[in-house]
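Before any comments, here is the structure.
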Amino acid sequence: MLEIQNTLVSLDIFTEFFCCDLDRCRGCCCEEGDAGAPVETDEVALLEEATEKVWNELSPKAQKVINEQGVVYPDPSGELVTSIVDGRDCVYAGHDDNGMCYCILDRAYRQGRIGFQKPISCHLYPVRLKNIQGGMVGVNYDRWDICKCAVEKGCTLNLPLYKFLKEPLIRRFGEDWWKEVETAAVELRKAGYI
């Protein structure tokens, strides 16, 4: 682990390779699992506001779930997560004509229709954040077998995980933090760790 500002960053972020391969995985990370994506407390109001703007794009089942329990719910550990449909699909999962799963929020954001992109946990995946005592945040690589094709593509492209996640890492931690990550990568390379 490396300490960068108020974070403890796993070396995996530097040593592992990753690049989403939607042609192969079809966006299944929005449909698999037994809980929704982690949501930070300050994101709940942003999610609620964005949901109003994309309401007609959500599936009837997703609308029903949101009407009954809201855009988030506490998982078994008490962490807030996005609501899910049928015990697995994120309420914001949409499907294009080819059956590809996509995030309705992210699409609306990229089209300039809403100001909230998606929960930071989704944007950062496969990195997961963990609050640590003393105000520190752990930045860890979450390995999931459904992302095997992303690891293969990352290796082919020689794309380290931290570079693949540059945009969301800057979104979450800022430009100064990112510059320190780049400096750390150079030093790790010089020392033979990567």
For the stretch 62-181, dividing by residue count, accessible area per residue (probe 1.4 Å) in Å² works out to 52 Å²
Sequence-separation-based contact order of the chain, relative, with Cα cut under 8 Å and 6+ spacing, percent: 32 percent
Hey, got a sec? Which chymotrypsin sites (Phe, Trp or Tyr not before Pro) in the stretch 58-133 land in a DSSP loop and have at most 16 other Cβ atoms within 10 Å? none
If amide H atoms are built 1.01 Å from N in the plane of the peptide, which residues on other chains or at least 5 residues away come under 5 Å of the amide H of residue 85? 90, 91
Give the carbon-plus-sulfur fraction of the accessible surface of the chain in %, rounded to a whole number; probe 1.4 Å, heavy atoms of protein chains only. 49 percent
With the radius of gyration and the Kirkwood radius both derived from the Cα set of the chain, what is their ratio Rg to Rh? 0.98
By how many nm would the segment from residue 55 to residue 152 grow when fully extended, if each residue of separation counts as 0.36 nm and the alpha-carbon distance is taken off? 31.3 nm
Does anyone have the angle between helix 60-69 and the longest principal axis of the chain? Alpha-carbon axes, 0 to 90°, nearest 10? 80 degrees
Which aspartates and glutamates have a Cα lying under 15 Å from the Cα of residue 53, excluding residues fewer than 8 positions away in the same chain? 106
Counting sequence-distant residues (5 or more places) and residues on other chains, those with an amide H built under 5 Å from that of residue 8 are 137, 138, 139
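The values are calculated or read from the model by the stated rules, or taken from the named source; none is laboratory data. Worth saying up front: this structure is predicted, and the values here are computed from it rather than measured. Positions of Cβ are generated from backbone atoms using ideal geometry, with glycine treated the same way; all protein chains shown enter the neighbour counts. These area figures cover heavy atoms from the full protein model, side chains too; ligands, DNA and RNA do not enter into them. Shrake-Rupley method; radii C 1.70, N 1.55, O 1.52, S 1.80 Å.
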